[in-house]
Structure formats: C-alpha cells, structure tokens
Amino acid sequence: ANRDGEVLLIRRARDPGRGKLSLPGGFVDPGESGEEAIAREVFEEVNLTVSNFSYLASFPNEYRFQGVIYPVLDVFFIARTDSFSGARAMSEVQSLEIASPADVQYGEIAFPTVARALKLYAAQSVRG
C-alpha cells in the first residue's frame, strides 16, 4: 500500500492465472522469513522496495503445477511504500494497476485467496 492506502496489482504474464490480476508475491525460499520473501518478490516483480510489514491474513489454498496439486498456505502482509512511482512490470508481470481498495475489480483477480485478502484489506481501510 502507498501512503494513500492504494494497492499495487500486477497482471500476470504466466500461468497459473495468465492475464488476470493478482498481488506481487511468490514462494518463500528456504531460510527466508515471510517478510524477507515478500520484500524479495515485490522487488523482483515490480522493482519496488517495501517495508513496514503488518500481517493481514492467511488462507489455505492449492497450487497446481505440472499436473500436481500442492497444498499451500497463502500468507498476506500489508507492505508499505511512500509511492508507486518507481514501480515497473518486470519479466513475470504483464502490467501494473494501482487501485483504491474500493475500486478493485474482483472479477479480474486470478486467485480466490487474493480476492479474500483484498476484500479484508478494503474492509479494514473503510474502518480506518
């Protein structure tokens, strides 16, 4: 989130969910904390440095890869940055979109857990 509470969404360049919207993120590498993983993934996907992490939620999920279904736990953090001005779509990202929580197009979101996290963030933003 930036200082105005807007979120940075990515349009995925690869499957699963190619062409759909999601949040920057990915898998945790061995020896990495969740916060370290999200900082790394955000930098790799959108060239942005984020900090001031706060836990939002976690949801069980399934990740389908090469015909195998893996049970995973999707963990969502709110990561802060002053501005999205330096963000750019890197190799795994088709394009970027900035939206206020109330304006997210949920029908375009690639994964149900991401939609749940965005709705939770939007509800918290309304409450202040």
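The values are calculated or read from the model by the stated rules, or taken from the named source; none is laboratory data. In this text, all values refer to a predicted model and were calculated from it rather than measured experimentally. Backbone-built Cβ (ideal geometry, glycine too); neighbour counts: all protein chains shown. For the accessible areas, the whole protein counts, side chains as well, though only heavy atoms, and no ligand, DNA or RNA atoms are used. Shrake-Rupley method; radii C 1.70, N 1.55, O 1.52, S 1.80 Å.
Pairing residues of the stretch 39-57 that are under 25 Å from Ala123 (Cα atoms) with residues that are basic (Lys, Arg) and in a helix (DSSP H, G or I), at Cβ distances under 9 Å and at least 6 apart in sequence or on separate chains, gives Ala57/Arg116. Among the conditions (1) open to solvent by less than 40 Å² (accessible area, probe 1.4 Å); (2) touching a Pro at 6+ places or on another chain (Cβ under 7 Å); (3) at pLDDT below 95, the only one that Ser125 does not satisfy is (1).
Taken as a whole, the structure places Asn47 among residues that are surrounded by 13 or more Cβ atoms within 10 Å (Cβ to Cβ) and at positive phi.
Whenever a residue of the stretch 74-90 is touching a residue at least 24 places away in the same chain (Cβ under 8 Å) and over 24 Å from Gly19 (Cα atoms), its partners that are of a type in the set (Lys, Arg) and not in a strand (DSSP E or B), lying with C-beta atoms within less than 8 angstrom and at least six residues away or across chains, give the pairs Arg80/Arg3; Asp82/Arg3; Ser83/Arg3.
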